[in-house]
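These notes concern the structure reproduced below.
Derivation of every value follows stated rules applied to the coordinates shown; laboratory data play no part. Because the structure is predicted, anything quoted here is derived from the model rather than measured.
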């Protein structure tokens, strides 16, 4: 018997969609098979919370579960409470036997009976209960963490499913953090011939040390040497789509931003900010060179900053 999805996710029945999603993400990271290799209990726990989130994240399924229309596994409840052939007992324990059977027959021309034959209408054809309707299988949820370059340029990744199989996932170019990818037909098997459910993959994008996203633009902090800043030259710029060459003009200051059109996300721009990095140990030649420079104007002279604000 499936467990209460609210208890599995540790939320109240009044929880919002955002609260349910937050709780699921935390539990999914904790019990994911990749973090608990060869741990059958963790794999089963991950499968249970994924099924619980699948049910509660679907407004229709959640409403049906809350009203008792389906159980925690998503199966429809019997609306007749187990009523079939034979006698019916009311709340006081009285039995509806032959008299009530005759009443039904006189009203509807039906003969009450049990077993596989069911009720028969007059002398005509048999009245049979309709076959169970096909139902779509439950969706399954997975979490996947990718790098920012993979999110920008696109990639092919794999996640391990609860049954141990590998699921191939294509990350589209320009995928956002917290996006959800849907793989149709990769969920649980359907019921009564229904289609399989879907696999839903929640994407988390790791922060990058030098690169960050600004809409469809990318911002890159590019370290350069003091020599490159003073004398200029060609420097190699790593991008999610490969290395490119960038011209640095002589006398470029740290913090100067250069724009490379079309090198961002989906034809956005790449904004390269130059960051002068001094060596950990300054050589005597460099020290002597700087000491021999003429006195430079104070670069902070024109700053008008009220530190009291």
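At a glance:
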{"read-out": "The stretch 211-280 shape via C-alpha gyration tensor axes, a/c threshold 1.5", "value": "prolate"}
{"read-out": "Inter-centroid distance (Cα atoms) of the stretch 158-187 relative to the stretch 204-268, Å", "value": "31 Å"}
{"read-out": "Value of relative contact order over the stretch 151-309, rounded to a whole percent, pairs C-alpha under 8 Å and six or more apart", "value": "16 percent"}
